[in-house]
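Bear in mind these aren't lab numbers, they're just calculated from the coordinates by the rules spelled out. Here the structure is a predicted model, which means the values were calculated and not measured. In this analysis, Cβ positions are derived from the backbone assuming ideal geometry, glycine residues included, and neighbour counts consider all displayed protein chains.
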Amino acid sequence: MAAAEDALGDALLAALESWPRAGVPDNPDAWLLAAARRQLIDAARHAKVEAGAAPGLELIVAQARGNAVIDPTFPDERLKLLFVCAHSAIDEAARTPLMLQTVLGLDATRIASAFLVSPTTMSQRLVRVKARIREAGIRFEVPDARELPARVEAVLEAIYAAYGSGWEDVAGADPRRRGLAEEAIWLGRLVARLLPGEPEALGLLALMLHCEARRPARRDSSGGYVPLSRQNVALWSRPLVEEAEEVLAAASRAGQPGRFQLEAAIQSAHARRMATGRTDWEAIALLYEGLLLCAPTIGARVGHAAALAEVRGTEAGLGALDAIPNESIATYQPYWALKAHLLKRLGRDAEAAQAFERAIGLSEDRAVREFLVAAAQAPSSWRASAPRSVTGSSQA
Amino acid sequence: MKYTILIYENEADFATRSDEKRKDAYWGAYRAYTQALTQAGVMIGGAGLQPPGRATTIRLRDGKRQVQDGPFAEAKEQLGGYYVIDVPDLDRALDWAARCPAASTGTIEVRPNLPN
């Protein structure tokens, strides 16, 4: 077994090294296993020469030779690969890129664009990570039960980061990020299938499906930004919403709520507008409170403030925003966008103008920028819900 | 670490600057961007430039002056302005460059400054 493991580890390293140069084989996992077999056969030859092969190893080699037709799925190998990519010894910022490169076979240039890093820097990071895998002797395996929860979380985080990067590209117009959301969902499905006992894996999948369902409604016919509260629910993808609901229901049967399940539940509450025509802000505020207990990110805090503004009034929402530490908001666009809208709602126009200005300056997306410019100029009786960047992005 | 954000705009961008309907959005976006840079504490300086048609180029060759109207090179996108920012690394500089209004229409070039 150890020999098989080493061989797979070597194959992973070979993949890490040759894929960026040679491009990805049509079926990466089959290639990976084939490479592992090649190395196993080589190793077996060595072993034979040196000390005579162990019977078990002989058997594996024989099987590898006999198995000319390769099953195209090999899910277990991919799962192990995901765990290697999200290992705690690997820099957090490098985990998602590594996953995209090794599991999905994206090239370094495309990954660099998706994460807004120079291609040279990204290549160097990936090279360093590979060296790190070797030095740290990270094992190519599914962690044991004791380690599993923490390791699963890291895998899910990395997949979510990939989705977040794809989510920003609403229209799929940005070639540097095209299809990244779909790739992330594919990974999410894979993990959910391979780890049926992990409700958080299902939670992440449900979350991504809910966000994806709204893609057609996020821009109007002329490319203008449409905030969630004004989206035409008829444009939401019903099949995706239904699938998300099923997945989330399956997750909740485990009775172990977690960060991704809560985030999915928040999106599920928004999705109910399809049936009821209204948004249950009370439920959403409550879910955010739960989310803040297990994952007090700045995105969750801003989302909570937005929900509070609907449930307990604009001032309460503003109060929640003001309680967020200053150092974390300097470049956080959703904070300023929400603050601007709430101030405007209260008729505090001068302060609102300042906050709008800040939000506009921090917007990367042209449609969002134009939306905010229009909102800033609108009369103060104009009531709009904040353009929450709805989860899906790493901010939420 | 200081970086210069060079803003290359196309002809349509330059035209927007004086288009009655769209100039407010154009200048508003840059005002907001400049304010965001300033309030985040990364702004060192910068300038907006008049369109390339207002440029004059000069070369000295064999002791002779060659003066021409127009920009250094004919290209679809021309330098429209620049910012100098102080951020910890290239990643942060690219974050800011992506927020520059011209990123969605023209091209933004980010260069590390030489040390003083």
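General observations
- Diffusion coefficient (Stokes-Einstein, Kirkwood radius over C-alpha pairs, 4 °C, 1.567 mPa s) for the range A:220-360: 79 µm²/s, rounded to a whole number.
- Helix B:90-99 and the long axis of chain B differ in direction by around 80°, with both axes built from C-alpha atoms.
- Remark: spin-label model distance B:Arg59-A:Leu292 equals 6.5 nm, labels positioned 7 Å along the Cα→Cβ axis.
- Protection-proxy order for peptides A:140-150, A:114-124, A:208-218, each taking the mean of Cβ atoms within 10 Å per residue, highest first: A:208-218, A:114-124, A:140-150
- Compared with the dominant principal axis of the Cα atoms in chain B, helix B:23-39 is inclined by about 60°.
- In the range B:2-112, taking the dipole from charged Cβ atoms about the Cα centre, the farthest positive-side position among B:Gln78, B:Ala15, B:Ile58 is held by B:Ile58.
- The H on the amide N of A:Ile329, modeled in the peptide plane, is under 5 Å from the matching H of no residue at least 5 residues off or on a different chain.
- Nearby lysines by direct alpha-carbon distance to A:Lys130 (threshold 23 angstrom, same-chain neighbours under 8 apart not counted): A:Lys80
- Each Lys or Arg adds one and each Asp or Glu subtracts one; over the other residues with Cβ under 10 Å from the Cβ of A:Tyr225, this totals +2.
- Total formal charge among the other residues, if their Cβ is under 12 angstrom from that of A:Glu243, Lys/Arg +1 and Asp/Glu -1: -2
- If the segment from A:Val311 to A:Asp91 were pulled out straight at 0.36 nm per residue, it would be longer than the present Cα-Cα gap by 75.2 nm.
- Packing-based order for A:258-267, A:370-379, A:338-347, B:70-79, using average beta carbon neighbours within 10 Å, highest first: A:258-267, A:338-347, A:370-379, B:70-79
- Helical content of chain B, expressed as a calculated mean residue ellipticity at 222 nm, amounts to -8500 deg cm²/dmol (DSSP H runs of 4 or more residues, -39,500 (n - 2.57) each, divided by residue number, nearest 500).
- Dipole orientation for the range A:236-278: of the candidates A:His270, A:Pro239, A:Ala251, A:His270 has the Cα lying most toward the positive pole (charges on Cβ; Lys, Arg +1; Asp, Glu -1).
- Here the alpha carbons of chain B define both size measures, Rg and Dmax, at 15.9, 49 Å.
- For the range A:315-374, a Kirkwood hydrodynamic radius built from all Cα pairs, placed in the Stokes-Einstein relation at 10 °C and 1.306 mPa s, yields a translational diffusion coefficient of 138 µm²/s.
- Only the Cβ atoms of Lys and Arg (+1) and of Asp and Glu (-1) were treated as charged; on that basis the dipole of chain B about its Cα centre amounts to roughly 360 debye.
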